[in-house]
Each structure stands twice: as C-alpha cells, then as structure tokens.
1. Taking the dipole about the Cα centre of the stretch 195-262, with the C-beta of Lys and Arg at +1 and of Asp and Glu at -1, give me whichever of Q245, V218, N258 is farthest to the positive side.
2. Expressed as a whole percent, how much of the Cα-Cα distance distribution for the stretch 215-359 exceeds 24 Å?
3. Counting only residues 5 or more places away or on other chains, whose amide H sits under 5 Å from the amide H of T460 once H atoms are built in the peptide plane?
4. Taking θ = phi - 60°, what integer Hz values does the Karplus form 6.51 cos²θ - 1.76 cosθ + 1.60 yield along the stretch 449-454, in sequence order, with x for Gly and Pro?
5. On a 0 to 90° scale, report how tilted helix 164-179 is relative to the longest principal axis of the chain, with both axes built from alpha carbons and the result rounded to the nearest 10.
6. Give the label of the value calculated from the structure for mean projected area of the Cα convex hull in nm², choosing from [x] 27.7; [y] 24.9; [z] 31.2.
7. What percent do you get for the relative contact order of the stretch 380-456 when only Cα pairs under 8 Å and 6+ apart count?
8. Starting from the Cα of F262, step 7 Å toward the Cβ, then list every residue of the stretch 224-251 with an amide N under 14 Å from that point.
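What follows draws every value from the coordinates through simple rules; no lab data is involved. Please read all numbers here as calculations on a predicted model, not as lab measurements. Glycine also receives a Cβ, built like all others from the backbone with ideal geometry; neighbour counts cover every protein chain displayed.
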Amino acid sequence: MDSISTSNLQHLELPTNTIAETTNQNLTTELNLRQQQHLEKLIFRYNQRTKTSKQLAQKYRPVFANNRGSVGFDFLIKEMFYPILTERSLGSRMWDVDSNEYIDLTGGYGIHLCGYNPPFIKKAISEQLEYGIQSGAQAALAGEVAELISELTGMERVTFCSVGTEAMMLALRIARAATNRHKIVLFSGSYHGIFDGTLVKAEATNGSPRGIPEYPGVTPNTAEDVLVLDYGSPESLEIIQTYQQELAAVLVEPVQQNRLGFQPTVFIQQLRQLTQALGIPLIFDEMNTGFRIHPGGAQAWFGVEADIATYGKIVGGGMPLAAVAGKAVYMDTIDGGMWNYGDASYPHIPITWSGTSYCRHSLSLAAARALLQHLKMQGVSLQEQLNQRTSQFVERLNAYFELERLPIYLSNFGSFFNANFSETSDLLTEPSFLIGLRLIFHHLIDRGVLMPKGDGFLSTAHTEEDIDLIIQAVQDSVNELQAGGFLLS
C-alpha cells in the first residue's frame with residue numbers, strides 16, 4: 001500500500017483534528033482488488049439511489065458556482081462527489097429529489113433546534129404571510145422580538161441583521177466605533193463567517209503575532225488589524241495585555257465548532273476578567289451556542305457576561321435572521337442612545353452605520369417570535385434534556401468504536417457533536433483507513449442518514465427510534481467497510 005503524503009501526515013499530527021478536516025484532504029491512492037470492488041459497488045449503489053442529485057449537479061455546474069461541489073474534491077470519489085439535493089423536510093426527516101428519506105443530522109448547520117417545520121413556527125409564518133411581506137417600513141414585531149432576546153440572554157439592547165456574517169461585521173464595527181481603536185484579537189481554530197476581517201490566520205514575525213489572509217481575495221491590509229492567538233493559552237492573555245491600547249475587541253467562539261471537546265472554562269473566565277480590567281470589549285460569537293446549549297447561550301453556561309454577542313441560526317426559527325446584542329454603552333452607537341419624548345433628551349452618541357433591506361424582514365421576525373416564545377415557555381429543561389440525550393448518543397457510539405478498536409470518537413457540546421480520531425493511532429498512517437473515514441459518510445447516506453463529514457446536531461424532533469437507527473447505520477457501515485478492506489484495526 002502506498003504511503004500517505006507528507007502534507008496529510010502534517011495534518012494528522014494536529015491534536016485537535018476532526019474527521020471533517022481530514023476528509024477535505026486528497027487521499028487518492030492505489031487500492032487492492034478487494035477495496036476496488038467495494039468502492040465500485042458503493043459508487044454504483046450510491047449513484048442509483050441519488051441519480052437526480054448527480055444529474056442536476058452536472059446540469060447546473062456551468063452556471064451555478066457552488067463550493068459544496070468542490071471543497072474536498074478527490075478523484076477517488078469523483079463519481080459520488082455532489083451534494084444531495086433536498087426537496088422537503090419535516091421533524092427529524094428530509095427527502096431528496098429522488099424521494100429518498102433521511103434522518104437528518106445537519107440541522108441546517110445548527111439552525112433547526114426544534115426540527116424542520118415545527119407546527120408553531122409554520123403557523124406563525126402562515127399567519128404573517130396573510131398580512132403581506134413588509135420591507136422598508138418598520139415591522140411592528142421588531143421591538144417585541146428584541147425584548148424576547150434581551151430577556152432570554154440578559155443583554156441590554158438588541159439590533160437585527162440578515163445573516164451571521166453581517167452580524168459579525170456589525171459587532172466589530174460597533175466595538176471600533178465605541179473604543180476608537182482598530183485592532184482585534186481572534187483565536188486560531190475559530191470561525192466567524194465569510195467576512196474578510198475574520199478570514200485571517202496567524203503568522204509570527206520576530207515573536208509578535210501577525211495576521212495574514214487565510215484565503216485568496218482577502219487583502220493584506222485587512223489582515224493587518226487582526227491578531228490571531230492560541231485559544232486557551234496563558235501566553236495569549238499576556239499578548240492581549242501587551243496590545244491593550246490598540247485593541248478594539250477580543251472576539252471569541254467559546255467552544256470552537258471543529259474542537260468541541262475543548263471547553264476551556266477557566267480560560268474564558270480569565271479572558272473576561274482581563275478584558276474587563278483593561279477596558280477591552282469582549283465579543284462572544286454565539287452563532288452555534290446561542291439558545292442551543294442554554295437559553296442564555298455560552299455566557300450562561302460558562303458564567304461570564306460578554307460586552308457584545310452575535311446570534312444567528314436558531315434565533316430566526318429557520319428563517320434568515322441574526323442579531324447583535326450587548327451592553328448599552330456599545331449598542332448605543334447604533335442609534336445614538338436612549339432618549340424620551342417631551343423633554344430635552346436626544347440621540348447623543350455618535351452613530352455608526354448599520355442596517356440592510358432585509359434585516360427586519362416580517363416573516364423572519366414572525367418565525368423568531370414564535371421560536372423565542374416557545375423557548376421561554378419551555379425553559380431551560382428543553383436544552384437540558386436535549387443535551388443529555390446527545391451525550392448518551394455520543395457515549396453509545398464511542399463505546400462501539402472502542403469495542404471495535406477504532407481510533408474514532410465523538411465529542412459534543414450540548415446537542416452539537418462532531419467526529420474525531422485519536423492522533424496517536426498507527427492506523428492514521430494507513431491510507432486505506434483514512435479512505436474508509438471518508439467513505440463512511442457515503443455509506444450513511446446510502447442507509448438513509450444525512451451527516452456530511454462528521455458534524456451533526458440533534459434536535460428536539462429526533463426520537464429514541466431515530467437515534468437507534470443512526471447507531472445501527474453507523475455499525476452496518478463500519479462492518480461493510482471492514483469487509484471491503486477499509487477501517488481494519
């Protein structure tokens with residue numbers, strides 16, 4: 001068997017590596033006859049099952065620039081390299097354009113906490129649609145939804161955006177406007193959307209942290225205002241102290257989505273104490289954690305209070321909506337601060353620019369109100385029960401992987417989980433094992449479980465029967481791969 005490339009070995013040596021990251025690597029290698037036959041059978045079966053998804057991917061590729069059809073490309077699985085195109089969804093289930101039914105674990109990448117098309121959200125959207133779709137003029141629901149977010153999160157003031165990336169852009173602009181500083185700190189391994197100002201990676205120059213563009217198209221000038229530090233490292237706190245006079249904000253993803261097993265409570269609390277003492281705004285990116293881990297998000301979970309927080313995904317109830325919330329001293333830069341009718345008060349804080357055509361869309365606000373009212377009525381028990389069910393699901397699969405002596409394990413933070421592997425295993429130098437990791441997700445799709453690349457979410461709509469079926473599908477997929485010469489311990 002050919003040895004794996006040097007670049008893949010370097011990737012595998014990372015202690016926080018996930019299966020999702022590894023399956024983005026090119027793992028093409030020479031297969032033996034047994035493995036080749038297994039792969040050919042899988043490709044044939046997979047193509048037959050999802051033929052319309054493949055046909056449409058080919059048909060629209062000339063006009064549709066879609067990164068889901070290119071990221072992680074490998075000739076080995078070229079004939080299965082296309083997104084599954086979905087047609088409808090309900091509860092924990094989704095149906096593709098070939099009418100195949102799936103237990104879905106993508107959850108809209110974390111959006112659908114209560115599953116797809118829950119009745120209370122469907123009713124809210126239908127009722128609002130009868131009144132029309134208002135844009136431009138202020139939707140009457142906006143104030144009520146802001147009040148609900150404030151009540152659940154403890155944040156003083158709230159404003160709306162259309163999507164999470166826009167919320168992140170606005171949060172940083174607010175912090176810079178309030179502090180009149182320019183540099184920000186973010187942490188390696190974090191993800192804060194597709195905004196140029198956060199698509200930055202670290203490059204140490206003469207012992208000093210320096211941000212450089214992470215992707216083509218991000219300008220070096222943009223990256224210059226970003227310091228990328230090691231998450232959880234005491235040295236990072238020291239660097240923040242060194243640059244305190246230049247820092248407009250410290251931006252943190254409390255539990256990084258590709259590193260769910262790393263939950264540095266002490267570091268987060270120390271970071272809060274330090275930034276508070278130095279007068280540096282602390283921004284929590286709560287896109288994944290907001291309303292999922294706890295009604296108050298990661299702040300409530302870790303016992304800290306950020307100055308500004310960004311919310312998306314869940315908050316819109318399945319519709320496009322995001323929010324920036326925070327202390328009034330920062331949020332006042334949106335509208336000039338509090339004032340009253342009938343006296344001499346006025347918006348007295350210099351205003352930065354915010355707002356888009358869709359940021360207070362009436363259908364999104366209707367869905368958000370329904371979702372937030374549901375969370376308020378259910379209380380923290382909704383998240384507690386879902387978190388517990390996810391932990392039990394993770395424990396069952398981890399016990400199976402251990403029994404099979406596979407260096408695979410799941411990590412979770414509440415109801416968000418991902419698949420990882422033990423970096424010390426000798427199997428990670430075997431191309432056939434790594435190919436098996438990639439193929440397992442195609443096997444799961446073939447068995448009616450949608451979980452691309454090892455990241456998943458459970459919702460309140462998932463039942464114990466769903467979980468049993470998922471676990472059985474994983475076990476059957478591993479057994480078939482091992483019979484085909486892959487994932488052998």
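1. Of the options given, the answer is N258.
2. That tail contains 43 percent of the Cα-Cα pairs.
3. For T460, the qualifying residues are C114, G115.
4. In residue order, the calculated couplings are 10, 9, 8, x, 6, x Hz.
5. Helix 164-179 sits at roughly 40 degrees to that axis.
6. Matching the structure shown: [y].
7. Taking the mean separation of contacting Cα pairs over the length of the stretch 380-456, I get 23 percent.
8. Flagged as within label range: 228-237.
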